[in-house]
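Colleague: Here it is: the structure, laid out below.
Quick note: the coordinates plus some simple rules give every number you see, no bench work behind them. All values derive from a computational prediction rather than experimental measurement. In this analysis, Cβ positions are derived from the backbone assuming ideal geometry, glycine residues included, and neighbour counts consider all displayed protein chains.
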Amino acid sequence: MAALERAVSGELPALLPRQRWFGDKGRPIGAVALRDCAALGARGWLVLVDVAFAAGPDQTYAVPLVLGREGLAPGALSMALEAAGAPALALDAFDDPEFCRELLGAFERRVTVPTCRDGVVRFVRTERFPADAAAHAPRRLTGEQSNTSVIYGASLVFKAIRRIRPGIAIDCEVGAFLTSRARFAHVPPLAGAIEYAPASGPVTTLGVLQGYVANHGDGWSWVTAHLKNLPPERVDALSDDVFRELRGLGAITGELHRALACDPGDADFSPEPIAAADAAAWSARVVDDVGHTCERVRGRLSTLPPELAAGARTLVANEAELVARARDLEILGGQRGMKIRVHGDYHLGQTLRTDGGFVVLDFEGEPGRPAADARRKQCALVDVAGMLRSLDYAVQATLPPSGAAVEAGERWVGHASATFLDGYREAAARAAVPLLPASPAAFARVLAAFELDKALYEVRYELDNRPAWLAVPLRGLGRLLARERLVS
């Protein structure tokens, strides 16, 4: 263990920022220390490290390692250490198919492994773990950002969580509920999880094993590819098949919310009445976001190019109207609706197209938000607003921003949104508890307020990360402002 500790502290500070999955690339590392480790097989370790930064809070990462062997080429993570008194290389374990097979075998045998700091690592599997799992060859997926995934044939997908947050992963928690309790068919079935129980502290998820879902790609790729293959000025007239599928996606979204609201006996998932205090708090948060966003935009007006500055000025000039629309969330306090667990980061990229309809992925909530936020019960329309904003983004990302394409794109978004909402409302209306505002006017105003919330976040994100994309949420906000506020 001493050799591993030396390698971790001596080499990982330089190696971690080069890894695709490392989520703190913008923060200079002060030190890296071994937190805990457990042996897996003859050559592998499940390794947790604590990363201290020059500023801000520390972070724990999972860095599974394997000793190099003949025929295994070093990858992006390779560091020298001593093994049995001889020099050796430690590599990213997921680059080694033998380690990946050992991992699956540990699930099959329900292995419990002691750690070097008096904890244990448990490989837990569910009734959805296949009997023939060992027959499937592993293949590491490339191109991921925050986690690492390994596919086992056409049977299983293992997602290794890299940035570790104490507690059971929300994706695991929600996956278990939807798979075993709600029997909801439109999520990957939960087949197992790796749980780390330290000597003190909460049990924490290190990885999630799910059933593999045969698919035709994610919803974002499907919509944008469709739009790119059409004459821009005719996209609205040539999209009937897509609109039909989006109606189906709306229905699946409604069924998802019904499933999340189906068990009044489970305190973590039971629906709760939306109180006036809830509605006031949601409204106050969005009102604060209006002020914060307008302040940020005002501070950048002089640096924006003319084609963006006009939309930015419209935004700040309408701050009072945006505040009024944010306060429409207070309507929820008098609607006798219920708040439920939601997806929390719902957009086209979180769905897979399959022969049996869409499958919904990744319930961890918005990146960078605390786990408590993702677990907090909310109005179901939060997810609906996220998908409507995603449809708008898909059009803005693919069609030219001028000429007849603009009007055709706006018609496409209107039709796509309406068909999605038709499917959603029909399915959500069958829930055992009221999920939506009762009157059409209240529904429209609350949904618009949640869309406003999403668009404000988009403005701040694009301002900081992709200024050239700022026009997309600015145009979206312009359309929201132009939309009539219905009176009930």
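Colleague: Taking N as the number of residues in the chain, what is its alpha-carbon radius of gyration divided by 2.2 N^0.38 Å?
Modeller: On the way: Rg = 24.3 Å, N = 488, 2.2 N^0.38 = 23.1 Å.
Cα Rg divided by the expected 2.2 N^0.38 Å: 1.05.
Colleague: Which one, Phe158, Leu16, Tyr196, is farthest towards the positive end of the dipole of the stretch 2-211 when Lys and Arg carry +1 and Asp and Glu -1 on their Cβ?
Modeller: Selected residue: Phe158.
Colleague: Hey, fewest Cβ within 10 Å first, where do Glu272, Glu458 land in order? Present the calculation step by step, with values, prior to reporting the outcome.
Modeller: Working: Glu272 14, Glu458 21.
The fewest-first ordering by Cβ neighbours comes to Glu272, Glu458.
Colleague: Can you spot the aspartates and glutamates whose alpha carbon is less than 12 Å from Lys377's alpha carbon? Ignore those fewer than 8 places along the same chain.
Modeller: Answer for Lys377, where 12 Å is the Cα cut-off: Asp268, Glu272, Asp278, listed by chain and number.
Colleague: Run the dipole for the chain about the Cα centre, Lys and Arg Cβ at +1, Asp and Glu Cβ at -1, nothing else charged, and hand back the magnitude in debye, nearest 20.
Modeller: Working: 55 positive and 59 negative charges, 49 e Å.
The calculation lands at about 240 debye.
Colleague: Right, another one. Where the centroid of each part is defined by its Cα atoms, how far is the stretch 55-114 from the stretch 448-468 in Å?
Modeller: Value for the Cα centre distance between the two parts: 40 Å.
Colleague: Let me ask something additional. How many percent of all Cα-Cα pairs in the stretch 219-482 sit more than 27 Å apart? All intermediate terms of the calculation are to be shown ahead of the outcome.
Modeller: Values: 13108 of 34716 pairs.
Across the stretch 219-482, Cα pairs with separations above 27 Å total 38 percent.
Colleague: Ranked highest first by the average count of other Cβ atoms within 10 Å around their residues, in what order do 246-258, 438-450, 397-409 fall?
Modeller: Ranking, from highest mean packing down: 246-258, 438-450, 397-409.
Colleague: May I pose another question? For the cross-link pairs Lys228/Lys454; Lys25/Lys159; Lys228/Lys339, which exceed 28 Å when the distance is taken from alpha carbon to alpha carbon? Before the final figure, lay out the partial values.
Modeller: On the way: Lys228/Lys454 25 Å; Lys25/Lys159 21 Å; Lys228/Lys339 38 Å.
The pairs that break the limit, which is 28 Å between Cα atoms, are Lys228/Lys339.
Colleague: Sorted from largest to smallest, which semi-axis lengths in Å does the alpha carbon gyration tensor of the stretch 379-462 give for its equivalent ellipsoid, taking the root of 5 times each eigenvalue? Write down the numbers at each step before the final one.
Modeller: Values: eigenvalues 136, 47, 20 Å².
The equivalent ellipsoid of the stretch 379-462 has semi-axes of 26, 15, 10 Å.
Colleague: Treat the count of other C-beta atoms within 10 Å as a stand-in for reagent exposure and order Arg460, Arg336 from fewest to most.
Modeller: On the way: Arg460 16, Arg336 12.
Ranked by crowding around the Cβ, least crowded first: Arg336, Arg460.
Colleague: Counting Lys and Arg as +1 and Asp and Glu as -1, what is the net charge of the other residues whose Cβ lies under 12 Å from the Cβ of Thr314?
Modeller: Working: positive: Arg313, Arg475, Arg479; negative: Glu319, Glu321.
Result for the local shell: +1.
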